[in-house]
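Data first, discussion second: the structure below is written as structure tokens.
The numbers here are math on the coordinates, done by the rules we state, and not lab data. Treat the numbers as computed from the prediction; the structure is a model and nothing was measured. For neighbour counting, all protein chains shown are included, and Cβ atoms are generated from backbone atoms with ideal geometry for every residue, glycine included.
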Amino acid sequence: MRAFLSASGRLVLRVLRGVGAYALLAGRLLIATPRMDGREWLRTVSIAGVDALPLCLVTAALTGALVVIQTGFYVESYGVTSLVGWGAGYALFHEFAPLIASLALSGRVGAGQASDIAGLRAGEQLPALEALGVDIDRALLAPRFWAIAASVVVLAVIADVVALSASLLVAVGLLGVPPGAFLASVHASLRVADAVPGIVKAAAFGLALGACSLRAGLAAPAEARGVGAAARRSLVATLTAILALDMALTGLL
């Protein structure tokens, strides 16, 4: 019993320390955001987009095709091929596109940002910048945080278009659905408001990805081995946060 209580107490303390650390980071970012370096924001957006875009495009196309392939048997069995456009569009807009964008960025960009911050700490560049009077929150952290969040939203929109195009091609080639019928199903069954849950999820995933990657980099040991540890912690924390947020937002939206 004592061992159980001790382990439970340690777990609670770790959770509280983590919550406190993220709360402090959020406060730092909010304070620095109005004065953040716009050039660093643009640089990070361009890097994040270039790094994650190829993986996002390939994953979106495969996902769009798989949605139609997986549902093709049931659609043909019940004779409702006219609804395949609605089914594919709904699944992609609400669920798959935000996940595709956030997971692509978590592997290519989030872990990279975490290891980059950890490397700056290990090389003592961050303390050196602070000694020179540079506000690292304004110059580095806030621009990268908001750049990652914005990149997830943009990539989610791109993933929607690519995945739906792949779904159209597979529906026409595999199920024999006329292109006009597919597009008419999408247009008739889906409204602009149906894209809102996906955009909200993408924004939430982007904020979580930015916070987890920066926190992992700042919390890493100030030594060489901390760079790899930061990347691993960033991936674990990001995947956990994204899945938890997905479950919560799916129930709310």
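Grab the beta carbon distance between R191 and L30, set R0 = 41 Å, and tell me the FRET efficiency rounded to 0.05. Efficiency computed from Cβ-Cβ geometry: 0.75. Other residues within the sphere of radius under 14 Å centred on the Cβ of A23, judged by their own Cβ, net out at +3 (K and R +1, D and E -1).
Taking the Cα atoms of the stretch 1-61, the ratio Rg/Rh between the radius of gyration and the Kirkwood radius comes to 1.29. If you wrap the tightest convex hull around every Cα atom of the chain and split its volume per residue, you get 162 Å³. Each peptide among 162-174, 21-33, 47-59 gets the average number of other Cβ atoms lying within 10 Å of its residues, and from highest to lowest they stand as 162-174, 47-59, 21-33. Could you pull out every whole DSSP H run in the chain that spans at least 20 Å of Cα extent along its own axis and averages -1.0 or higher on the Kyte-Doolittle scale? Passing helices, by number: 2-32, 38-77, 142-170, 196-219, 225-252. Along its three principal directions, the equivalent ellipsoid of the stretch 70-192 from the Cα gyration tensor extends over semi-axes of 46, 13, 9 Å, largest first. All C-alpha pair distances within the stretch 1-126, sorted into 10 Å bins from zero, spread as 10, 21, 25, 20, 16, 7, 0 percent across the bins.
Only helices enter the 222 nm calculation for the chain: every DSSP H run of n ≥ 4 contributes -39,500 (n - 2.57), and dividing by all residues gives -27000 deg cm²/dmol, rounded to 500. Each Cα pair under 8 Å and six or more residues apart adds its separation to the average, and for the chain the resulting relative contact order is 32 percent.
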